[in-house]
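Visitor: Pasting in a structure now, in structure tokens, and then I'll have a few things to ask.
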Amino acid sequence: MARDILLEMKGIVKNFPGVRALKGVDFSVARGEVHALMGENGAGKSTLIKALTGIYTKDEGTIRFDGREINPRSTLEAQKEGISTIYQELNLSPFQTVYENMFLGREPRNSFGMVDRKTMIQESLRILGELGIHVDVTKPLLSYGTAVQQMVAIARAVSVDAKLVIMDEPTSSLDTKEVEVLFGVIRKLKAKGIAVIFISHRLDEIFEICEHVTILKDGALAGEMRVADIDQLQLISYMIGGEAKQLERTKGDYELQSAPEVARMTDIQQGMRLNGIGIDIKKGEVLGLAGLLGSGRSELAKVLFGAMQPDEGEVFWMDKQVHFKSPKDSIDLGIGFCTEDRKVEGIIPHLSVKENMTIALLPQISKMGVVSSKQQNKIVEEYIDRLKIKTPSPNQAIRNLSGGNQQKVLLARWLCMNPKLVIMDEPTRGIDVGAKAEIEALIQELAGQGISVLMISSELAELERNCDRVVVMREGRNLGELCGLEINQDAIMSIIASAGGELEKGGRLQ
Ligand SMILES: Nc1ncnc2c1ncn2[C@@H]1O[C@H](COP(=O)(O)OP(=O)(O)OP(=O)(O)O)[C@@H](O)[C@H]1O
Ligand SMILES: [Mg+2]
């Protein structure tokens, strides 16, 4: 059956200073189709979407949508054409309420021309409720975590009357259950004849929900096919332009019984989120924290880093009790922390790659307040090379890097400090398969050098491949531990499930 083409982009070119981001890309999507857009970090996926929706002006090329040529100059104009987009960096307004965010730029008015708040509140509750999200819509958006914010963005995008809904990495901050909710939404859209462009680095998602895939490589088209016609390794080969290797498990039997302990936390209580949990981390160990969103993993990490003070409980570092008042105290002892929320707690957008990477290191490489730029440059070049960070120069403002490359700069920030323990909260979020293999290899290399890693990940396969031991958390408690070869996805899931059925709806999201 011939595809009924809804969107046809032809010969799209986009240049940035020093970067040819799109080199004449053709891309088409049929009505009612779920179409994956794939490619390595920096391949040009987000740029193609932004050229379509008017955030960037394309240098060359044409766009036909629903039978005629269009040239939207803003997201709002694109929306009027029937294209609704969730961008990779959420363009929500954190200080406004949830319901205001749902209606940003299209607030309903009453007959006096006033913004109709009552309707906004009712409609927001209804639309979010349909997605299984139960939150207080009159609270500011920032009172909720990234997952809820992501769901609000999704709800907003699907609530407008659209023919095409674009999702640029919608699942990167969602856990397995929420991804299922989102997939339910996508299936509903499809049933209504609405097309979806779906961007994700998680291959299993592509195979579950998409029927067509377009692959970009270095700003050019590398392939276009039906998902049913390829397998995961072939897809990766198209993305990296060479033979793909499956990611492999790096750990065998648990061998660290006698290794010295680096850090220990006992009976930690913190607000509503941590309820008496304790963990210990050994030298050279990769310790994983598993659990659904809201299980307290990030909070536990923040307590260890000194970014949050426990109400009760003790923290030990090298067998001595410590009271970290702020991250400065823990950094001084050799702890690094790669945050999960790169936008809020991580990058400083207007500063360069170089500055973002070395910001925590500066005190170490300066003498009387003067930074040794020679040393700084050497370190920066080393990590750009090691993590294959795609940037025209170390002086590029970090906000101009693709999402995955920003994440690599953040990792480098802590790795270049020669830490004794690195906490990594979702370290491979938004990172492409090739880079993921490199980052995982790097984690093992660190462990081999005796550096301990505390790794939080929603991707259970990632924990299975990399961890010596996994602590499964729920509601701020330790539900159980798995060591060495015991660690696998099913074992983790069954520990979570055994702790008593469904979690309260919505509660887990906050
Ligand atoms: N505003 C900008 N200024 C300069 N360069 C940019 C800008 N936006 C994107 N680029 C560059 O264009 C290229 C493509 O970036 P893009 O964000 O489209 O990648 P992506 O495929 O979405 O990657 P990721 O998977 O990491 O999100 C990258 O080299 C990026 O650095
Ligand atoms: Mg992107």
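The values are calculated or read from the model by the stated rules, or taken from the named source; none is laboratory data. As the structure is a prediction and not an experimental result, all values here were calculated from the model. Cβ coordinates were reconstructed from backbone atoms using ideal geometry, including for glycine residues, and neighbour counts include every protein chain displayed.
Visitor: If a residue has to be without any contact (Cβ under 8 Å) to a residue 40 or more places away in the chain and either over 15 Å from the mean Cα position of the chain (by Cα) or within 16 Å of ligand 1 (Cβ to nearest atom) (or both) to count, how many in the range 146-181 make the cut?
Guide: The total comes to 2.
Visitor: Yes or no: the range 383-399 includes at least one residue that is away from ligand 2 (no atom under 16 Å from the Cβ), of a type in the set (Ser, Thr, Tyr), over 21 Å from the mean Cα position of the chain (by Cα) and in a strand (DSSP E or B).
Guide: Checking the range 383-399: not a single residue is away from ligand 2 (no atom under 16 Å from the Cβ), of a type in the set (Ser, Thr, Tyr), over 21 Å from the mean Cα position of the chain (by Cα) and in a strand (DSSP E or B).
Visitor: Would you check if Thr138 is modelled with pLDDT of 90 or more and in contact with a strand residue (DSSP E or B) (Cβ under 6 Å, 6 or more places away or on another chain)?
Guide: Working: modelled with pLDDT of 90 or more: yes; in contact with a strand residue (DSSP E or B) (Cβ under 6 Å, 6 or more places away or on another chain): yes.
Against the criterion (modelled with pLDDT of 90 or more and in contact with a strand residue (DSSP E or B) (Cβ under 6 Å, 6 or more places away or on another chain)), Thr138 qualifies.
Visitor: State the number of residues belonging to the range 98-117 that are outside any helix (DSSP H, G or I) and either touching a Leu at 6+ places or on another chain (Cβ under 7 Å) or not assigned by TED's automatic domain parsing to the domain that holds Ser200 (or both).
Guide: Of the residues in that region, 1 qualify.
Visitor: Sticking with this structure for a sec: Could you check the range 1-22 and list, in sequence order, the residues that are basic (Lys, Arg) and within 27 Å of the chain's Cα centre (by Cα)?
Guide: Lys14, Arg20
Visitor: Could you please tell me which pairs satisfy a Cβ distance under 6 Å, a separation of 6+ or placement on different chains, a first residue in the range 411-438 that is outside the structural domain of Ser330 (by TED's automatic domain parsing), and a second residue that is more than 14 Å from ligand 1 (Cβ to nearest atom)?
Guide: Nothing qualifies.
Visitor: So, in the range 15-24, of the ones that are in contact (Cβ under 8 Å) with a residue 60 or more places away in the chain and assigned to a strand (DSSP E or B), which residue ends up farthest from ligand 2 (Cβ to nearest atom)?
Guide: Residue satisfying both the conditions and the ranking: Gly24.
Visitor: Something else about it: Out of the range 31-47, which residues are within 16 Å of ligand 2 (Cβ to nearest atom) and among the small types (Gly, Ala, Ser)?
Guide: Matches in the range 31-47: Ala36, Gly39, Gly42, Ala43, Gly44, Ser46.
Visitor: Same structure again: Which of the residues belonging to the range 192-209 are within 16 Å of ligand 1 (Cβ to nearest atom) and not in a helix (DSSP H, G or I)? Before the answer, list the steps.
Guide: Going residue by residue through the range 192-209, those that are within 16 Å of ligand 1 (Cβ to nearest atom) are 197-203, 205-206.
Hits for the range 192-209 are Ile197, Phe198, Ile199, Ser200, His201, Arg202.
Visitor: Still on this model: Test of understanding: among Met120, Met167, which residue is part of a strand (DSSP E or B) and at pLDDT 85 or above? Quick ask: steps written out before the conclusion?
Guide: Working: Met120 fails: part of a strand (DSSP E or B).
Every option except Met167 fails the conditions.
Visitor: Could you pull out every one of the helices (runs of 4 or more DSSP H) wholly within the range 230-335 that has 1 or more residues that are at pLDDT 95 or above?
Guide: 297-305
One line per residue, one yes/no per condition, for (1) within 15 Å of ligand 2 (Cβ to nearest atom); (2) surrounded by fewer than 18 Cβ atoms within 10 Å (Cβ to Cβ); (3) without any contact (Cβ under 8 Å) to a residue 60 or more places away in the chain:
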| position | (1), (2), (3) |
| --- | --- |
| Asp4 | no, yes, yes |
| Leu7 | no, no, no |
| Asp26 | no, yes, no |
| Val29 | no, no, no |
| Ile49 | yes, no, no |
